[in-house]
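Where a number appears in this text, it was derived from the coordinates with a stated rule and is not lab data. Bear in mind the structure is a predicted one, so any value in this text is a computation, not a measurement. Methodologically, a virtual Cβ is constructed for each residue, glycine included, from the backbone with ideal geometry; neighbour enumeration extends over all protein chains shown.
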Amino acid sequence: MDGQPADRSISLRLATEADLAACAEIQRVALDGYLAPLGQTLTWNAPAVVGLFAHLRATDPGRFVVAERDGVPIGFASAWVRGGLWFLALLFVVPEEQGRRLGTLLLEAVLPGPRDRAPDGEPLVLGVATDSLQPISNALYARFGMVPRLPAFMLRGPLSRPEAFARLPEGVVATPFAPGGTDGGRTGADAGSALRLHADVTTAVDREVLGFVRPVDHAWLLGDRSGILLANADGEPVGYGYRRADGRLGPVATMDATLLPALVGRLARDAAADVPEQSLIVTGAAGPALVACLAAGLRITDPPTIVGWDRPFADFSRYLPTGLALV
Ligand SMILES: CC(C)(COP(=O)(O)OP(=O)(O)OC[C@H]1O[C@@H](n2cnc3c(N)ncnc32)[C@H](O)[C@@H]1OP(=O)(O)O)[C@@H](O)C(=O)NCCC(=O)NCCS
């Protein structure tokens with residue numbers, strides 16, 4: 001790899017599958033290092049974290065880099081590219097090694113190279129999401145053009161007033177899907193046609209709302225999430241949304257911004273039938289969805305994250321993210 005540190009006891013290399021558990025521990029320790037002194041508690045699910053890392057490394061193996069001191073992992077970075085978007089998913093350095101430019105070196109190691117271009121030949125857009133409480137990362141990303149711009153709120157809780165969500169309008173057809181992409185036998189559609197419908201709807205909606213397609217991410221999301229596909233009366237794609245068995249909702253996307261709160265409501269009501277608590281991330285661009293979620297009883301539980309970019313990407317008024325690493 002290019003860009004090895006001047007300190008010869010530190011080296012950077014591409015991560016292997018065997019590094020991912022150690023990377024998850026670096027993330028946990030790095031987050032706890034600044035959250036604990038602020039009285040914030042970290043919610044941590046190591047298997048889910050490692051599962052996400054494995055997906056990110058599988059899709060972008062050349063953009064998942066580990067830093068070691070004398071062979072011991074002390075930091076890592078991961079980024080992904082979909083269409084014209086480069087996104088910094090993860091950047092963490094253990095507390096005792098912070099402030100010595102290792103974060104900068106790791107970031108430079110995963111940034112786009114001169115040959116990395118958008119499909120139209122333009123430079124890739126740079127995006128990231130970072131904790132509002134963290135001045136170092138906000139400053140570091142801004143220096144590389146990824147200026148913090150859009151607050152993203154983690155909402156959690158029981159759905160005490162589900163009627164606060166508007167219902168999907170007449171004429172919008174909702175087709176449920178189960179993990180794996182089948183419709184769970186609800187309509188009798190065979191697995192192949194259910195998967196084709198899922199691919200058709202998610203591709204059309206992502207192209208319109210995000211500006212890029214990401215079949216690899218949908219394949220991964222289908223591993224453990226169910227959800228809803230929306231079409232209009234003519235069968236044209238209108239939206240999609242996912243929910244996980246533990247009550248986590250997202251991603252959710254609609255062609256028409258006014259449909260977003262109703263689709264979130266449908267997913268939240270379905271989730272509430274299975275588990276007592278729901279959670280999701282809503283940005284400040286999706287105002288009506290945020291208002292509806294709060295009216296339905298969900299609560300803001302953490303300090304907001306901030307989505308940053310050097311040039312705009314995605315229409316967040318029509319989109320709720322998967323998470324902070326995989327937008
Ligand atoms: C964020 C993190 C990865 C950065 O790595 P690092 O090795 O500590 O960072 P570096 O030393 O390379 O650079 C930090 C830069 O921020 C600057 N900085 C620090 N505090 C700052 C502040 N309050 N305002 C502006 N700039 C600040 C530093 O001066 C330095 O820039 P310089 O090299 O020009 O002096 C690391 O601190 C970390 O893991 N933190 C905890 C976890 C975390 O928040 N990760 C990011 C989540 S999105």
Checklist entry - Rounded to the nearest 0.05, what FRET efficiency is calculated for residue 149 and residue 173 with R0 set to 30 Å and r the Cβ-Cβ distance? => result 0.30
Item to check | Order by protection proxy (mean Cβ within 10 Å, highest first), peptides 213-225, 252-264, 160-172 | outcome: 252-264, 213-225, 160-172
Checklist entry - Looking at the square roots a ≥ b ≥ c of the eigenvalues of the Cα gyration tensor of region 95-159, which shape do they give, rounded for a/c under 1.5, prolate if a/b is larger than b/c, or oblate? => result oblate
Item to check | Gained length - residue 269 relative to residue 42, 0.36 nm times residue gap less alpha-carbon distance | outcome: 79.0 nm
Checklist entry - Out of 37, 165, 118, whose Cα points farthest toward the positive end of the dipole of the chain (charges: +1 Lys, Arg; -1 Asp, Glu; placed on Cβ)? => result 37
Checklist entry - For the chain, with the dipole built from +1 on Lys and Arg beta-carbon atoms and -1 on Asp and Glu ones, taken about the Cα centre, which of 235, 262, 193 lies farthest toward the positive end? => result 262
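Which of the three applies to the chain, rounded, prolate or oblate, going by the alpha-carbon gyration tensor with a ≥ b ≥ c and a/c under 1.5 meaning rounded? Please list the in-between numbers first.
Numbers: a/c = 1.89, a/b = 1.60, b/c = 1.18.
In terms of gyration-tensor shape, prolate.
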Checklist entry - Can you give the FRET efficiency for residue 13 and residue 117, using 1/(1 + (r/R0)^6), R0 = 30 Å, r = Cβ-Cβ distance, to the nearest 0.05? => result 0.75
Item to check | Environment charge of residue 244, counting only residues whose C-beta is closer than 13 Å and scoring Lys/Arg +1, Asp/Glu -1 | outcome: -2
Checklist entry - What size of dipole, in debye to the nearest 20, comes out for the chain about its Cα centre when the only charges are +1 on Lys and Arg C-beta atoms and -1 on Asp and Glu C-beta atoms? => result 340
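Once you keep just the Cα pairs under 8 angstrom separated by 6 or more residues, what percentage relative contact order results for region 10-123?
On the way: 162 pairs, mean separation 30.5, N = 114.
Worked out over region 10-123, it gives 27 percent.
Using Cα pairs under 8 angstrom and six or more residues apart, how large is the relative contact order of the chain, in percent? Let's see the in-between values first.
Values: 647 pairs, mean separation 64.1, N = 327.
Over the chain, the number comes to 20 percent.
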